[in-house]
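Read through the structure below, which is laid out as C-alpha cells, and then see the notes.
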Amino acid sequence: MPEEDRSAKLGGSADSSAIITGDSNTTTITIINYNYYHENTTVVPIESTDAADENLPCPYRGLFPFGPNDAEFFFGREVFVEELFAATQNRNFIPVLGASGSGKSSVVFAGLVPKLQKEDCWKFTYFRPGSEPFHALAESLVPLYEPDKNATEQMHQARQLAEYFVNGSVPLQDVFSKIQRNYPNHRVLLIADQFEELYTLCADQKTRHSFLDILLASFQSSPGKSNVLVATMRADFLGNALSYPAFGDVLKTDIKLRSMNHNELSQVIAKPAEMLGVTFEGGLVERILDDVQDEPGNLPFLEFALTQLWKQRQGKQLTHAAYQHIGKVQGALARHADHNYGKLSAAQKEQVRRIFIQLVHPGEDRQDTRRVATKAELGEASWKLVTQLADDRLVVTSQNAANQETVEVVHEALIRNWEELRQWMNADRSFRAWQERLRFSMLQWQKMQRDEGALLRGAVLKEAEEKLEQRREELSKGEKEFIQASVALRQRSKQQIYWSLGGVGSILLLALGIWGWLNYTSWGQLTQIRWELTDVSQKVSDQYQSKAAVAFLKDENSAQALKLISQIQDANALRAIAEAYGKLNQPEKAAPLLDKAIASANQIPEALRAIAVAIGKLNQPEKTAPLLDKAIASANQIPEALSAIAVAYGKLNQPEKAAPLLDQVNVSANQIPDSPYKAHALSVIAEAYAELQQPEKATPLLDKALASANQIPHSSNKASALRAIAEAIGKLNQPEKAAPLLDKAIASANQIPDSYYKADILRATADAYGKLNQPEKAAPLLDKAIAAANQIPDSFNKEFPLRAIAVAAANLKNWGQALKATQQCPSDDCKVESLAKVLTVHAEQQHPELKEEKEEKEE
C-alpha cells in the first residue's frame, strides 16, 4: 500500500469541493460539496519492515461513515453495492432506506461511488436537505452548472438559483441540461444524504412538498437518462414520506438496507485488520459477534468499539483483555463519553448539558434525532468547550452555507446510548419541543421582514414570557429579540385601546363589561372567535388560509374572505374556496378559481379528482368528464386513487361507473401484502361506500376493515386505519348500525399504548358520535380523549385531538367548550383551523344549505 496523506476534516467553506483520494489506486474521486472527516494518519507501506506497529492507520471508522478513500477497508456490503450499482443503470431516483446506524451513507460513499468511478464517466455531487433544502440543492449543483465562476461567485449563484427553484422560474431539468452540455461525456450522481432532515429540520410542509415536487419532476424513472438521485433516509421516517402520495409512489420501489448476516459481520470485524497484517486473538471475533448480534443499528457501536480496540492493540494483535478494558461493544461508546465528561468541572458539566440538548431534535412519535446548531445559538462563551468536545470525538464542527460555524453530535448512536444525554433530554423534552416551535415562528417572522402580524400573541406569548424568565441563558439572542418584540407589540396594542376608548374609565368598562360579554355569552364568544380568526389567519400558509376564507364566506364576511383569497396559490386550497362559492350560487366567482387550481394541480390525480368534483357541483359536467378520465389513467390501479374517483362519479350521479371501480378496488386491496398500504386502502374503500350511501355494503366492509386493522402490528399504521374507519362509520347516518362498530373502534383504541395515537382515534370516534347526534355518548368520550391528549408529552401532538374536540363540541352547540379547546391550541395553525371549523359549524347550523356534502379530511 503506497504512502498517502489521509488528513482531512469535516467542513471547509461551502464554496469548495472535497477532493477525496481513492483506494490503493491513484484515482482521485471528487465529490462536490462533500464534507468528510477522518483523523490525521500517516499511512506507511505494509511491505516496510521498518515501520513501527504503532504507525499503522486505523482501518475502522469509529462513529464516522466510510468515505471513498476508505473503500479498501469497507467490507460486508458487497451484495448490496451490486444491487445499488444495477439500479443506477435503469433508474433515476433510488431511495435507500435503513435503520439509524445501519450504514446507509457508508454503502453509498465507500461502496457505490468507487464502483461507479471505475466507469470513468460520472460526476458526483452531494447535499443534506437541512432547514433550507432548496439552497442545499442549489449549492451542490452550482459548481457543475457554473464551473468557471470563482468560489464567491458560486456562493452568490447558489442563493439566486435556490430562489429560482422556489418560485419555479428555473426548472431543475434546465439546470441538469446545462450541466450535461458542460460535461457531455458524463452522467451525474446526486447524493442526498440523511434525507430525513427534510422532516426534522425543515418545519414548513409547503416547502417540503414543493422541494419533493421539483425532484420528482426531474428524476422520473425512465431508462437512458443521464442523471441519478440516490437519497439515504432513516426507515422510521417512511410514514412521513408516505403521507405525500407522489413521494410515496417512488418509495414503493425503494431499496432497503437489511441487517448483515453472520458472515458479513465477521468480514466487517476481521477483514480490515487483515489488510494491515493485524490478527485477532483466538475466539475474539466470535465473542464480538455474539455481543453485536444482527441489529443494523448496532453498526456504529461495533465500529466505535473496534476503533477503541485498535488503539489498545499489542503489536499486531487485538486481545480479549483490551476488549474487556474498553467496555465491549455496547459499553465502549458510553464509557468514552463518560470518561471525557468526568474530566470536566461542575460549571463545565452544566455548560455541556446546555450544549448537548441543543444538538438533539426531540422526537415526537419516533426516536430523537441530531440537530445542527450554530455558534450564534450556543454563544461565544460555549464555543471553546465545543472545540474541546470535538477534540474528544463527541461532536463534529463545520460551517454552513452562510459561513457560520456549526456543531452536531458525532452520531445519533450517542443520543441513543449515552445515559447522561438521555436523562438530560427526558428532563428537558418539553422545553426543547417548545423551543423548536419558537424557532419556526421566529424564522417565519424574519422571512416576512419582521412583520408584526407574525409576532406571538395570547397564550403562546404568555408561555414564551415564562420561558424567557425561567431559561433566559438557554435562548439565543434572536429568540429573545423575537419574544421581546412580541411583548412590545402587546403593550402598544393595549395603549391604542386605552386612547381609543378614552382613558381609565373606558379601560375599566372594557375590563368589566366587554370582556365579560365576550367570555360569558354565546354571541360574545362567537365574536371573539371571529376576532381571533381574523388576526391569526394572516400568519399561516395557503392550506390554513383557505380554511379561514371558507369560514368567512359562510359567515357572510366576504371582505375578509377576498383579502385571504388574493394571497392563495395552492390548487387544493383554491378548489375548496371555489366549492364554497358554488354553494353560495356564485359560479361566476368559482370558475376562474378552478381554472387557476387546474393550472396549479401539476397533473396530480388526487388534485384533479377534487377539482373535477368541484366543477360537477357547479353544474358543468362537460368539463368534469375529461378530467375524471385523466385521473383514472393516472391512477395506475392504485386502490386509494380509484376509490376517490368512484366517490366522484357517485356525486355526479353516475353509479354505473362507480360500482365497477369499487369492485376492482376490492380485489386489488386484498392482494396488497404490505400492511400500511393495505390498511390505507381498506380505509378508503370503507369511506367510499359510506359516501355512496350504501350502508348495506358499507357495514360489513367496515367490520372487515376493523378486523384487518387489528392485524396491523405498527401503532401508527393501525391508528391511521382505525381513524379513517371511525370517520366512515360516522357517515353511515344509521346509529343502530354504527354503534357496535364504534364500540369495536374504542376497544381497539384502548389497546394502543401510544397516547398520541390513542387520543387521535378517540377524538375521531367522538366526532363520529357527534355526527350521529348522540351527545350523551359523545361527551364522556371527549373527556377520555382530552385525558389521553394530556398524556402526550409534546404540545405539537396535542393539536389534533384538541382540534377535533372543538368541532365535536360545536356540533353539539357547546360553544364554551369549543372556545376552551381552541384556546388550548399550542400553535397559530392549530388555532386558525380550530376557530375556522367552529365558526363554519355555527354558520352551517344557521344556514343548512351551506353544509358540506363531504367533510374535509385531516391532512
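The values are calculated or read from the model by the stated rules, or taken from the named source; none is laboratory data. For clarity, every value in this text was computed on a predicted model and none was experimentally measured. Don't worry about glycine lacking a Cβ; one is built from the backbone with ideal geometry, like all the others, and counts go over all protein chains shown. Accessible surface areas use protein heavy atoms only, side chains included; no ligands, DNA or RNA. Shrake-Rupley method; radii C 1.70, N 1.55, O 1.52, S 1.80 Å.
Below, the figures for the structure above:
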item	result
Flag if Ala390 is within 25 Å of Val329 (Cα to Cα), over 24 Å from the mean Cα position of the chain (by Cα) and among the hydrophobic types (A, V, I, L, M, F, W, C)	yes
Flag if Arg353 is open to solvent by less than 60 Å² (accessible area, probe 1.4 Å), at pLDDT below 90 and not hydrophobic (A, V, I, L, M, F, W, C)	no
Residues located in the stretch 119-141, provided they are free of Cβ contacts under 8 Å to residues at least 60 places away in the same chain and not in a helix (DSSP H, G or I)	Glu119, Asp120
Residue in the stretch 258-266 that is in contact with a Phe, Trp or Tyr (Cβ under 7 Å, 6 or more places away or on another chain), open to solvent by less than 40 Å² (accessible area, probe 1.4 Å) and either touching a residue at least 40 places away in the same chain (Cβ under 8 Å) or on the phi > 0 side of the Ramachandran plot (or both) present	no
Test: residue in the stretch 205-219 that is closer than 25 Å to Val372 by Cα, among the charged types (D, E, K, R) and loosely packed, with under 15 Cβ neighbours inside 10 Å	yes
Any chance Arg287 is more than 30 Å from Ile94 (Cβ to Cβ), open to solvent by less than 70 Å² (accessible area, probe 1.4 Å), in contact with a His (Cβ under 8 Å, 6 or more places away or on another chain) and among the basic types (Lys, Arg)	yes
Subset of the stretch 800-816 [more than 27 Å from the chain's Cα centre (by Cα), in contact (Cβ under 8 Å) with a residue 12 or more places away in the chain and open to solvent by 20 Å² or more (accessible area, probe 1.4 Å)]	Asn811, Leu812, Lys813, Trp815, Gly816
From the options Leu116, Leu112, residue that is of a type in the set (A, V, I, L, M, F, W, C), touching a strand residue (DSSP E or B) at 6+ places or on another chain (Cβ under 6 Å), in a helix (DSSP H, G or I) and under 30 Å from Val79 (Cα atoms)	Leu116
Only one of Val166, Val175, Val230 that is open to solvent by less than 10 Å² (accessible area, probe 1.4 Å), part of a helix (DSSP H, G or I) and hydrophobic (A, V, I, L, M, F, W, C)	Val175
Selected residue (criterion: modelled with the highest pLDDT) from residues of the stretch 391-405 that are charged (D, E, K, R) and open to solvent by 60 Å² or more (accessible area, probe 1.4 Å)	Glu405
Candidate set: the stretch 99-112, residues that are more than 12 Å from Ala231 (Cβ to Cβ) and in contact (Cβ under 8 Å) with a residue 60 or more places away in the chain; chosen: the one surrounded by the fewest Cβ atoms within 10 Å (Cβ to Cβ)	Ala99
Helices (runs of 4 or more DSSP H) contained entirely in the stretch 280-385, each with at least 1 residues that are touching a residue at least 40 places away in the same chain (Cβ under 8 Å) and out of contact with any strand residue (DSSP E or B) (no Cβ under 6 Å at 6 or more places or on another chain)	284-292, 299-311, 328-342, 346-358, 375-378
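The rows are residues; the columns are (1) more than 25 Å from the chain's Cα centre (by Cα); (2) at pLDDT 90 or above.
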residue	(1), (2)
Ile29	yes, no
Asp53	yes, no
Tyr60	yes, yes
Phe64	no, no
Ala99	no, no
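A quick yes/no check of all residues on (1) modelled with pLDDT of 75 or more; (2) within 28 Å of the chain's Cα centre (by Cα); (3) crowded, with 21+ Cβ neighbours inside 10 Å; (4) part of a helix (DSSP H, G or I):
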site	(1), (2), (3), (4)
Ala719	no, yes, yes, yes
Ile725	yes, yes, yes, yes
Ala739	yes, no, no, yes
Lys744	yes, no, no, yes
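Matching residues to (1) in a loop (DSSP other than H, G, I, E, B); (2) basic (Lys, Arg); (3) touching a strand residue (DSSP E or B) at 6+ places or on another chain (Cβ under 6 Å):
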| site | (1), (2), (3) |
| --- | --- |
| Asn403 | yes, no, no |
| Glu408 | no, no, yes |
| Arg429 | no, yes, no |
| Leu438 | no, no, no |
| Gly453 | no, no, no |
